[in-house]
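Peer 1: Can you keep this structure in mind? I'll have questions shortly.
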Amino acid sequence: MEADDWGMVSMKALVTGGAGFIGSHVVDAYLADGLDVAVVDDLSRGRRENLSPRARFYHVDIRDAAALEEVFASENPDVVNHQAAQIDVRRSVADPIFDAQCNILGSINLLGLAVKYKVRRFAYASTGGAIYGEPRILPANEETPVTPLAPYGISKHTVEHYLANAHQLYGLTYVVLRYGNVYGPRQSSQGEAGVVAIFSEQILAGITPTIYGDGSKTRDYVEVSDVARASVQALKSGDNDIFNIATGVPTTDYEVFLHVRDALGAASLEPNYAPFRPGEVNHIHLDVSKAKSGLRWEPQVTSRAGIRQTAEWFQRTAARG
């Protein structure tokens, strides 16, 4: 059944990781679309100040099945949007057990409760940037072989199988969103994923950013407002299917540096360089044609404009102290 048929305005949504960077934007988009929203977050990376006061908050780790069930019993959500995850590729390489505990076992807890409490729709944030490894043909589409180079990509892909199995066994309706490299306001510079945030904060602090490798690595950068719109569309379309959510345009590390540098008025600055890090993909960008047809979604923010706007947001935030 299409979500339009059962009325989004009356729906209750539970967003895991909803105090985090991407999750908080999803919460805002759901609230703007008329949903009643509750949030689960352990605040390991999320921040309370990211949250709208209109969303109910539960300080819960998804690995804690008992505490998570209390949330489900209280909220009885119609839909779950699962953003909570261990997202650091380097940490997944150094500590794959922790990565699996968060990303696989935590997700299994969530799926079991979704089935038990008869959730009507489950949207899952997967990864397009790490799941395909080094594809022989670019852009990668949803049929590209999955050959991740780090445990992070393995753990995120594993949950896709559990979702398909939950549909087969219990009829749970799901949508998988394989994100490119997401960036935008509220992004954390802690860890290795938020390169736009890292470059912005470093330049604003007078620190010369470091690029790992020679600057030619490419990623598919997608602005967080586009990602949040995809989560709204995932409530309406795309039953039991997988979609790349990105721009379809490769951008090099050095180009990101230039966009940030120019936005912050540091035109003469050049980066430092350090050795390439193990577990990282060298080149990836994604085919989003399936999302355009099956999810009725397409990106609206170009990387150049979005990175510039994000750098300026960090500049305003720094100025406010």
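Peer 1: Taking helices (runs of 4 or more DSSP H) that do not extend beyond segment 1-119, which have at least 3 residues that are assigned by TED's automatic domain parsing to the domain that holds Ser155, within 22 Å of Gly194 (Cα to Cα) and touching a residue at least 24 places away in the same chain (Cβ under 8 Å)?
Peer 2: Numbers: elements: 21-32, 65-75, 89-94, 96-100, 106-116.
Hits in segment 1-119: 21-32, 89-94, 96-100.
Peer 1: Looking at Ser200, Ser225 in this structure, which one is within 21 Å of Gly23 (Cβ to Cβ), among the small types (Gly, Ala, Ser) and surrounded by 21 or more Cβ atoms within 10 Å (Cβ to Cβ)?
Peer 2: On the way: Ser225 fails: surrounded by 21 or more Cβ atoms within 10 Å (Cβ to Cβ).
From the options Ser200, Ser225, the qualifying one is Ser200.
Peer 1: How about segment 268-309: which of its residues are farther than 22 Å from Tyr212 by Cβ and not in a helix (DSSP H, G or I)?
Peer 2: Answer for segment 268-309, where residues must be farther than 22 Å from Tyr212 by Cβ and not in a helix (DSSP H, G or I): Ser268, Asp287, Val288, Arg296, Trp297, Glu298, Pro299, Gln300, Val301, Thr302.
Peer 1: What are the residues in segment 215-252 that are in a loop (DSSP other than H, G, I, E, B) and over 16 Å from Asn81 (Cα atoms), if any? Reasoning before the result, please.
Peer 2: Within segment 215-252, the first condition is being in a loop (DSSP other than H, G, I, E, B), and the residues that meet it are 215-217, 220, 234-240, 246-250.
Answer for segment 215-252, where residues must be in a loop (DSSP other than H, G, I, E, B) and over 16 Å from Asn81 (Cα atoms): Gly215, Ser216, Lys217, Asp220, Ala246, Thr247, Gly248, Val249, Pro250.
Peer 1: When residues of segment 222-240 are filtered for being touching a His at 6+ places or on another chain (Cβ under 9 Å) and either closer than 30 Å to Phe276 by Cβ or at pLDDT below 95 (or both), how many remain?
Peer 2: Total satisfying the criteria: 2.
Peer 1: Now for a separate question. Which of the residues belonging to segment 38-93 are within 21 Å of the chain's Cα centre (by Cα) and β-branched (Val, Ile, Thr)?
Peer 2: Selection gives Val39, Val40, Val60, Ile62, Val79, Val80, Ile87, Val89, Val93.
Peer 1: Go through (1) in the same structural domain as Tyr132 (by TED's automatic domain parsing); (2) among the basic types (Lys, Arg); (3) farther than 27 Å from Glu134 by Cα one by one and return the number of the condition Lys292 breaks.
Peer 2: (3)
Peer 1: Among the residues that make up segment 205-214, is at least one of them modelled with pLDDT of 95 or more, outside any loop (DSSP other than H, G, I, E, B), over 29 Å from Ile108 (Cα atoms) and hydrophobic (A, V, I, L, M, F, W, C)?
Peer 2: Yes, segment 205-214 contains a residue that is modelled with pLDDT of 95 or more, outside any loop (DSSP other than H, G, I, E, B), over 29 Å from Ile108 (Cα atoms) and hydrophobic (A, V, I, L, M, F, W, C).
Peer 1: A further question on this structure: Among the small types (Gly, Ala, Ser) and either touching a His at 6+ places or on another chain (Cβ under 6 Å) or modelled with pLDDT under 95 (or both): does that describe Ala246? Before you say what the answer is, go through the steps one by one.
Peer 2: Values: among the small types (Gly, Ala, Ser): yes; either touching a His at 6+ places or on another chain (Cβ under 6 Å) or modelled with pLDDT under 95 (or both): no.
So Ala246 does not fit the description; no.
The values are calculated or read from the model by the stated rules, or taken from the named source; none is laboratory data. As the structure is a prediction and not an experimental result, all values here were calculated from the model. Here the Cβ is made from the backbone with ideal geometry for all residues, glycine too, and neighbour counts use every protein chain on show.
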